[in-house]
Amino acid sequence: MASEYYRPCPELDAVNSLFDKYWKAKEYGACFAGLLPLAQQGYPLAECQVGYFYSEGLGVPKDMEQALYWTRRAAKHGDWDAQYNLGEYCESGTGVPKDIEQARHWYYQAALQNHSLALEKCRQLGISLKEGDPAANG
């Protein structure tokens, strides 16, 4: 869970509680049902998780359109995992047209928050994290 990444708040407590209660028991439908209202209220961690549930078909039918909607929403709200996931979708063309420039953008956004996988992607793709560096913007 991303408890070190997110500041303590009632929404984080709710997400962690849902995962403790339902994820570990593989009750994905119940976990999703608890996450969705938090996502609809704009809590980025829940938005990211709802996107993941849709992308994997966990507790809901697999739906890449919904996965992309929630992942984009979470990414725009600053969730580093969503930013990284969106980068992967854009790089691979999963559910969206392949777009390396968009992939670079989202990997960069996640890397700015020290997301370890995004930092590695930036190294692989030659994306500089120095401010003002044109490579940072794709």
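The values are calculated or read from the model by the stated rules, or taken from the named source; none is laboratory data. Only a predicted model underlies this, so the values are computations on that prediction, with no experimental measurement involved. Here the Cβ is made from the backbone with ideal geometry for all residues, glycine too, and neighbour counts use every protein chain on show. Ligands, DNA and RNA are stripped out before the accessible areas are found, and what is left, the full protein with its side chains, is counted by its heavy atoms. Shrake-Rupley method; radii C 1.70, N 1.55, O 1.52, S 1.80 Å.
Values as computed for the structure displayed
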quantity: Sulfur and carbon atoms: percent of accessible area, the range 33-119 [1.4 Å]; calculated: 49
quantity: With all protein chains modelled, accessible area of Tyr5 [1.4 Å, Å²]; calculated: 60
quantity: Pairs from Lys76/Lys98; Lys21/Lys62; Lys24/Lys62; Lys24/Lys130; Lys62/Lys130; Lys21/Lys121 whose Cα-Cα separation, in the structure shown, is over 31 Å; calculated: Lys24/Lys130; Lys62/Lys130; Lys21/Lys121
quantity: Average silhouette area of the chain, convex hull of alpha-carbon atoms, in square nanometres; calculated: 8.1
quantity: Hull volume in cubic angstrom per residue (convex hull over the Cα atoms of the range 1-71); calculated: 74
quantity: Probe 1.4 Å - accessible area at Trp80, Å² to nearest ten; calculated: 50
quantity: Accessible area of the range 6-54 divided out per residue, in Å², using a probe of 1.4 angstrom; calculated: 50
quantity: Dipole moment magnitude, nearest 20 debye, the chain about Cα centre, only Lys, Arg, Asp, Glu C-beta charged; calculated: 60
quantity: Value of relative contact order over the range 1-50, rounded to a whole percent, pairs C-alpha under 8 Å and six or more apart; calculated: 28
quantity: Ranking by accessible area, most exposed first, for Tyr84, Tyr22 with a 1.4 Å probe; calculated: Tyr22, Tyr84
